[in-house]
Every structure is written in structure tokens, then in C-alpha cells.
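Any read-out appearing in this document is the output of simple, stated calculations on the displayed coordinates, not a laboratory observation. These figures come from a predicted structure and were not determined experimentally. All Cβ positions, even for glycine, are placed from backbone atoms using ideal geometry, and neighbour counts span all protein chains on display.
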Amino acid sequence: MTLEQFFKEVPRAALAFSGGTDSALLLWAAKTYGCDVRAYYVNTAFQPAFELADAKRLARELAAPMTVVEADVLSVPEAAANGPRRCYYCKKALFTTLRKRAAEDGYAVLLDGTNASDDAGDRPGMQALRELEVRSPLRECGLTKDEVRRLSREAGLFTWDKPAYACLATRVPTGTAITREALEKVERGEDALFRLGFTDFRVRLLGEAARIQLPAEQMEKAAREHTAITQALEADFSAVLLDLKGR
């Protein structure tokens, strides 16, 4: 099945829209192939501000309607507790909220951007999507991440080479309760590294310290700019550590 065929079969749908590469291609395809689609961005403490900015930009460029749904994910006890099944409880809560809002707007089908490279297996988040009967057109059409990027580039989407970005909750070690303060510290740290020219990295919490994970090719740059990095993060973290294993 192709995306064109999918959207001929599903002519009206709501899309869980993150502003990332996968959901961006889906929104483009839905608009291109005549689907009556509305994008829904769930705004939580787990998402950095730039993701919402990217989502708004893409929706504007595609002239696609987008609704921002505010959700207090930290009010979900199992998500805030950050146990091994955090992702299940988070996705279950957020997609339940999305499905309800979409139904109120007259959309019976809810889509997400899972692609064929994503290992469904027993991943907790995938389980939540199955339980809520969320459809994943990229996966159903057999489109891998590489193919999604190629098609996005051909479509002229600025998201075609956007690095994958897991939510901020993944920066907190499993078993450590997630607080808004911790998430804000991580976001400020990652914003600072972006401004210094680093890409595709993570700032992970290690107690009160920051553990920076960079791609191997950016290690030398980090060594040269260690003073600037330390100065940018020292207000929020007791120490700034570079993980030599990289990403």
C-alpha cells in the first residue's frame, strides 16, 4: 500500500503531530492526497519549546489546520514516577486525551507517525497505541526512516533531516521521579548546546550533574569548547560531564 492509497481509503483523519520528520511527512501526504486532516499537537512538560515552534511552522507552510492541546502529563502518577513502563502510561494518557478531542471535532480515525523502522515488539508506548486503535500509516505502508527522509526531501519539507528527538523525560534516569524543575534544567542545557553549534545530542541527568552525550564526530569540538560548555550549564548543574562513549 502507498500513502496515496491509504488516504484514499481514509479520507478524514486526525493526526497526532509532533513537528518531527515522520508526522511532518504524514501531514504533507494527507494534504497532498486529499484527506480532510487536522493536526493535533499535545503540549506537555515533556516537549521542548522548539518542537511546538517547528509544528506551527510546518502546519503553516502546508496550510493545514492545527490544534494545540494542553496536557498536564506530570499529573499522571505513573508517568511522573518514571518507572520502566513510563512511556506506556504517558502515551495512554496523551492519546486518550487526543482521541477524545478529535472525536469532539468529528474525527473518528486517529493517526500517528510510527514508521517501519520502529521496533513495535513489546515496547510500552506501542502497546498503548494498539490498545487505543491508533493507526500508523507509515508503518502500514512499509516506509522506513530512510525512506521517510527521502520522501520528505523530495517534498521540500524542512524537517527532512531533522534529528530524531526523544521527549525530555528520557533524560531522567528510570526510577527517578520526574519534576518540572528537572525538565526545565535539561531543556535550558540543550538549548545552550544548540546555540554553541552542537547537534543530535542529549543532556542527561546524573544526580545533580549533567552527562552530555554527543555524536563521535563532535567530541573534538566539545574538547575545544569545554569552557564555553561549562559556563553555559554551570548555573543548573553541579558538574558537567562528557560521556566518551558518545551516541
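Structure notes:
- Fewest-first sequence of THR170, THR21, THR2 by Cβ atoms within 10 Å of each Cβ: THR2, THR170, THR21
- Computed over the chain with a Gaussian network model linking Cα atoms closer than 10 Å, the most mobile of ARG204, ARG12, ARG60 is ARG60.
- When the Gaussian network model of the chain links Cα atoms closer than 10 Å, the mean-square fluctuations of LEU94, LEU74, LEU138 top out at LEU74.
- A simple rule links phi to the HN-Hα coupling: the Karplus curve 6.51 cos²θ - 1.76 cosθ + 1.60 with θ = phi - 60°, which for the range 67-80 gives 10, 9, 9, 7, 9, 8, 5, 6, 7, 8, x, 5, 6, 5 Hz, with x for Gly and Pro.
- When only Cα pairs below 8 angstrom with a gap of at least 6 residues are kept, the range 112-247 shows a relative contact order of 17 percent.
- Annotation: the residues SER152, SER238, sorted from fewest to most other C-beta atoms within 10 Å of their own C-beta, follow the order SER238, SER152.
- Rounded Å value of the spacing that divides the Cα centres of the range 126-145 and the range 167-203: 27
- Given the chain, longest segment not containing exposed loop GluC sites (Glu not before Pro) (DSSP; at most 11 other Cβ within 10 Å): 1-132
- Over the range 3-155, relative contact order from alpha-carbon pairs under 8 Å, at least 6 apart, %: 26
- Cross-link pairs exceeding 28 Å between alpha carbons, from the set LYS145/LYS185; LYS31/LYS91; LYS31/LYS185; LYS91/LYS162; LYS91/LYS185: LYS145/LYS185; LYS31/LYS185.
- Order of THR44, THR179 - criterion: other Cβ atoms within 10 Å of each residue's Cβ, fewest first: THR179, THR44
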